[in-house]
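K.L.:
Handing you this structure, nothing more for now.
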Amino acid sequence: MEEDLFQLKQLPVVKFRRTGESSRSDEDGISGEHEVQIEGVRTELEPVELGDGAAVPKEFANPTDDTFMVEDAVEAIGFGKFQWKLSVITGLAWANAMEMMILSILAPQLHCEWRLPSWKVALLTSVVFVGMMSSSTLWGNISDQYGRKTGLKISVLWTLYYGILSGFAPIYSWILVLRGLVGFGIGGVPQSVTLYAEFLPMKARAKCILLIEVFWALGTVFEVLLAVVVMPTLGWRWLLILSALPLLLFALLCFWLPESARYDVLSGNQEKALATLKRIATENGAPMPLGKLVVSRQEDRGKMRDLFTPHFRWTTLLLWFIWFSNAFSYYGLVLLTTEFFQAGDVCSISSRRQEVKAKCSLTCEYLTEEDYTDLLWTTLSEFPGVLVTLWIIDRIGRKKTMALSFLVFSFCSLLLFLCVGRNVLTVLLFIARAFISGGFQAAYVYTPEVYPTATRALGLGTCSGMARVGALITPFIAQVMLESSVYLTLLVYSGCCLLAALASCFLPIETKGRGLQESSHKEWGQEMVGKGSHSPG
């Protein structure tokens, strides 16, 4: 007996640490550490440090937890082959920018070919935004109720079908209705960001979502290059059909896409969520966390009232204004750029507008090679915006990035009051577009991060809908008000962006370094605040 007692005294202290949530967490104490000590010699465990972004070794992959959440699994598995494939496929859906860019090419062509008056040409553009505005919230609700993959697949197939069909439109009324239906489908394509964000680990999320936005810029560049080749030979009908190619490719590949594991967990589909996570772990060559996957089922998903609970009310209202201001300023700048370049400088804009008004509304001017070149160079300003936002968003945070983008745009707008020459005008417009597009991209990062899984798609959908309201209103400022006063027009855009910068600063939640919340029944951050931000106590 004495020998046994002597041997027990020689045993070291064994210390365990919980890294995730457990059903016994309320009884286990605050720190999550538990000691089993037998009197004798204390031996401390040596910590194992991992480099930035290093995978967790298999022998240390959540060894003592009996439960884990989807967030734990996504962080443990990390970024790998699966996310690279997902980036390309999601990017193909995001290249629907071709369907937007085609408006600036199609309008003057139909104006000449069908002898359309100016108001009918303008209506052709407006009807696409009306379709997007009316459908964005609906697609968000579908994605929250029936799954991200379901909503995205239906919206892409819808856009593809009516996009190709519009190439066969015999008369104006047909193409007007069909382009409106294309806009209705495009309203659901931003849900690709929701699906994409839910598979990304915390450290890679902002960078990856921003890089997905590159596909938008690539889509617009490809559309201009396609128009240069197709328009002189095959005509606008073939351009409409060929512009649907990225969506056709996405439709063929989308069957590879899994449903979001976060959505499956929230809808009570534990086995499906676990199978998806195991598939990702296998493709990435990373270990799965040990234990049982926690299911937090929530039936009432995608409810508008959840966007206005005390925790999200101010966030929702401020985000709506931020998205409205982004689209209002972005598309306004696109319209103003054409007017300023054709006038030569800001001071000559009023006299030129009077000359244009004196012309017949049926005056026909086809796009020239120089026009296509200008369109291409203007579009290329999107890339510096991505790079700047990519560099600062994880350094200063999402809120400050959006605020900075709005402030730079506002400052550049005010500098146009100085009646600058053509070269300085080009530089100011280039910088303004780079930063306002960067602010738009930062909003696409922040919005899916701030809302819980139960309302994430709906939150993004309503914000996207408010952006289309801004896009619908901006022609009345950039074109109608411009006829009265160029300075008042610039003041409206500058003032709107100043207010949007303030709204960005007043957002209650900064999502930098935080995980995605699952249920809307818990306070923000209650479930997962990045592993790196836990304090020792």
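K.L.:
Which value in nm describes the separation of the simple spin-label points at TRP314 and MET481, placed 7 Å from the Cα toward the beta carbon?
P.N.:
Each label point is offset 7 Å from its Cα along the Cβ direction, giving 2.8 nm.
K.L.:
Using every pair of alpha-carbon atoms in the stretch 185-335, split the distances into 10 Å bins beginning at 0 and state the percent of pairs per bin, rounded to integers.
P.N.:
Here the calculated profile for the stretch 185-335 is 8, 24, 32, 23, 11, 2, 0.
K.L.:
Apply 1/(1 + (r/R0)^6) to the Cβ-Cβ distance of ARG422 and THR373, taking R0 = 22 Å, and write down the FRET efficiency to the nearest 0.05.
P.N.:
E(calc), rounded to 0.05, equals 0.90.
K.L.:
Pairs of Cα atoms under 8 Å, at least six residues apart: use those to get the relative contact order of the stretch 64-295, whole percent.
P.N.:
39 percent
K.L.:
Per residue, what accessible area does the stretch 64-295 have, given a 1.4 Å probe and all protein chains present, in Å²?
P.N.:
Heavy-atom SASA per residue in the stretch 64-295 reads 36 Å².
K.L.:
In percent, what relative contact order does the stretch 120-216 have, based on Cα pairs under 8 Å that are 6 or more apart in sequence?
P.N.:
37 percent
K.L.:
A further question follows. Tell me, how many Å apart are the Cα centres for the stretch 247-266 and for the stretch 306-323?
P.N.:
28 Å
K.L.:
Could I have the simple spin-label model distance between LEU103 and ARG115, label points 7 Å from Cα toward Cβ, reported in nm to one decimal?
P.N.:
For the pair LEU103/ARG115, the computed spacing is 2.8 nm.
K.L.:
Report the extension gain between LEU234 and THR282 in nm, rounded to one decimal, defined as 0.36 nm multiplied by the number of residues separating them, less their alpha carbon distance.
P.N.:
12.6 nm
K.L.:
Taking amide H positions as placed 1.01 Å from N in the peptide plane, with prolines and chain starts having none, which residues 5 or more places from THR67, or on another chain, fall under 5 Å of its amide H?
P.N.:
Correct list: LYS292.
K.L.:
Right, here's the next one. Taking the Cα centre of the stretch 64-295 as the origin and placing charges on Cβ (Lys, Arg +1; Asp, Glu -1), which of THR137, VAL193, TYR162 is farthest toward the positive end of the dipole?
P.N.:
Going by the charge dipole, the pick is TYR162.
K.L.:
Multiplying the sequence separation of LEU249 and LEU387 by 0.36 nm and subtracting their Cα-Cα distance, what value in nm do you get?
P.N.:
47.0 nm
K.L.:
Can you compute 3J(HN,Hα) from phi for each residue in the stretch 100-111, using the Karplus curve 6.51 cos²θ - 1.76 cosθ + 1.60 with θ = phi - 60°, rounded to whole Hz and x for Gly and Pro?
P.N.:
Along the stretch 100-111, the couplings run 8, 5, 5, 4, 6, 9, 6, 4, x, 5, 6, 4 Hz.
K.L.:
Between SER173 and GLN270, what FRET efficiency follows from the Cβ-Cβ distance if R0 is 45 Å, with the result rounded to 0.05?
P.N.:
About 0.30, to the nearest 0.05.
K.L.:
Report PHE222's accessible area, 1.4 Å probe, all protein chains in place, as a number in Å² to the nearest 10.
P.N.:
100 Å²
K.L.:
Per residue of the stretch 174-186, what does 6.51 cos²θ - 1.76 cosθ + 1.60 with θ = phi - 60° give for ³J(HN,Hα)? Whole Hz please, x for Gly and Pro, Karplus curve as stated.
P.N.:
Ordered by residue, 3J(HN,Hα) equals 5, 5, 5, 5, 5, 5, x, 5, 4, x, 4, x, 4 Hz.
K.L.:
So, with a 1.4 angstrom probe, what is the percent of accessible area on the stretch 64-295 that is carbon and sulfur?
P.N.:
The value for the stretch 64-295 is 72 percent carbon and sulfur by accessible area.
K.L.:
Please provide three numbers in whole Å: the alpha-carbon extents of the stretch 64-295 along the principal axes, with the largest listed first.
P.N.:
For the stretch 64-295, the Cα spread along each principal axis is 74, 31, 26 Å.
The values are calculated or read from the model by the stated rules, or taken from the named source; none is laboratory data. What you see is a predicted model, and the numbers here were worked out from it, not measured in a lab. Positions of Cβ are generated from backbone atoms using ideal geometry, with glycine treated the same way; all protein chains shown enter the neighbour counts. Ligands, DNA and RNA are stripped out before the accessible areas are found, and what is left, the full protein with its side chains, is counted by its heavy atoms. Shrake-Rupley method; radii C 1.70, N 1.55, O 1.52, S 1.80 Å.
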